[in-house]
Amino acid sequence: MANVLSIEDVVDLGIEKEKARRDFYAHVADTFQDPEMKTLFSQLRDWENAHVNRFTKIRESLRGRASKESYPGEMEAYMQSLVDDRFYSEVSPATFGEHVESPLDAIRYGIAFEKDAILFFMEMARYVQADTKDTIMELMEEERSHVIHLIKLRKKMGGGPTE
């Protein structure tokens, strides 16, 4: 028998991803001395923390709701593919220095994290009821604005789209 994730489980996964991004941004803000980097990554940390709070409210509103699936196990299989955390483990505090050697590295990871969040939210929106979908879409738009902030900083620092 398949162990099917509930929508509450999916939101819990979203909360954990938000916490991982928040912790990454906090670490970047503490690691690099450039004032612009500190300001941006501190702001990103605070934004992700606000997302944790919003997700927590969403989770509380979903208690006992069933998720929509085309076939048994659909949600579990697909959402598990979206929450593969190998990427996140590369920038844990314990391994941060091995993967992030420069501000541009931090920006690249930040952009990738935000894109990951957008994908997660897009897919999550498929499984939630209409009253929750609006909040998910707002969160997704906020993540898009984070990507824009990071891309602008990358460009300012001389990093190209493939850097």
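The values are calculated or read from the model by the stated rules, or taken from the named source; none is laboratory data. None of these values were measured; they are calculated from a predicted model. For neighbour counting, all protein chains shown are included, and Cβ atoms are generated from backbone atoms with ideal geometry for every residue, glycine included.
Structure above, values below:
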{"item": "Identity of the residue in region 76-110, within 13 Å of the chain's Cα centre (by Cα) and of a type in the set (Phe, Trp, Tyr), that ends up modelled with the lowest pLDDT", "result": "Phe87"}
{"item": "Failed criterion for Asp131 (all others in (1) buried (at least 18 other Cβ atoms within 10 Å of the Cβ); (2) within 15 Å of Arg59 (Cβ to Cβ); (3) over 15 Å from the mean Cα position of the chain (by Cα) hold)", "result": "(1)"}
{"item": "Hey, Met157 of a type in the set (A, V, I, L, M) and within 14 Å of the chain's Cα centre (by Cα) or not", "result": "no"}
{"item": "Cβ-Cβ under 6 Å pairs, at least 6 apart or on other chains, region 34-59 side under 18 Å from Glu138 (Cα atoms) and without any contact (Cβ under 8 Å) to a residue 24 or more places away in the chain, far side part of a helix (DSSP H, G or I) and hydroxyl-bearing (Ser, Thr, Tyr)", "result": "Arg45/Tyr25"}
{"item": "Long-range neighbours under 7 Å by Cβ, at least six apart or interchain, first residue closer than 16 Å to Arg21 by Cα within region 137-157, second among the aromatic types (Phe, Trp, Tyr) and part of a helix (DSSP H, G or I)", "result": "Leu139/Phe121; Met140/Phe121; Glu142/Trp47; Glu143/Phe121; His146/Trp47"}
{"item": "Selected residue [at pLDDT 65 or above and part of a loop (DSSP other than H, G, I, E, B)] from Arg63, Arg22", "result": "Arg63"}
